[in-house]
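Contents: one structure, followed by commentary.
Read-outs throughout are calculated quantities, based only on the coordinates presented, and are distinct from any laboratory measurement. All of these numbers come straight from a predicted model, not from anything done at the bench.
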Amino acid sequence: MECSVCKGPTKLCCSRCMKSYYCSRMCQKKDYSKHKIECSPRSADLLVTSVFDDLIPTNEAVLYEYGFNNCIENTRDQCMMLGLYAGLHIYTDHETNAHFLKTIDISNLSERDQKVPFESFSEPKRHIIGLYIIILTNCIPRIELDSWIDFGFASCKYDDDWIGEKEVQLLSLYRELIIKKNCKIDEFNDAYVSGKVLDLLKRKCDNNPWLSENKLVLRGYRQSMKSVYSLKQYVLCEFLGLVNPLRVDYGFMNYRTENEIKNMYPKFDPQELREACIKGKIFNYVKSILPSNELKPIF
């Protein structure tokens, strides 16, 4: 048989489809972008494709193996399950990231980084790769993840929707940065380590006025975090615990149940709430936002 790329003699073939032949890994890599379309996909690959296309799978094997058949009569549940797979350990689990790096061709990685295992990357670069995967799946980082705070989603003002309009706008700017402006992972990583991701966004996205108008707050790698964003994480995420300093600073000690205050705080702007906390005027700030019948002098 002959190699599908260089036409040299070979006996080695693709282990999945057993149809395409290659004389070396180099030739196989050169043919990857074309062959991945022709090669018979596994159900896991079909699921990944559905995640990237943001569409409910239609393949029977995928529907059965990944549980979609269990909620086949409820479209909303199927959408939630698709969202689960989109976010499931996509950022925190190194093996999953490594799998996605093999499954999709991330051209934003340098040629050197494409040849090394995921575990060999520095911690901040792993964070950035995780963010790229999330953004390329057209998703927003899960609320419990550090990336939700680090890359500005926590500073977006609250909307009635679970994913607010401003978070979606920020997502679209990251997609512009990564896809349209072709920002390489190394460049993004340098900005993250130096605490200049917002400057990178402004420079690459033509100084989009939306970035300045919304007063986004981003955190560089290992920079200190404003406690109000930990509060927002706790309020919006059911299974996160509350650290003790927040109990005192934001009035949890004065409530009969944490659910009372947890249901109230999502209505406020984090930056304004933080300023009120620093000045010791949380009650006055709450009073200016909530109707009087929802208020109790508890702070």
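For the set LYS34/LYS204; LYS125/LYS181; LYS125/LYS232; LYS232/LYS279, the pairs lying more than 21 angstrom apart at their alpha carbons are LYS34/LYS204; LYS125/LYS232.
Close amide H partners of CYS13, meaning residues 5 or more places away or on another chain with modelled amide H under 5 Å apart, are TYR22. Computed from phi, the 3J(HN,Hα) profile of the stretch 129-136 under the Karplus parametrisation 6.51, -1.76, 1.60 (θ = phi - 60°) reads 4, x, 5, 4, 5, 4, 5, 5 Hz, with x in place of Gly and Pro.
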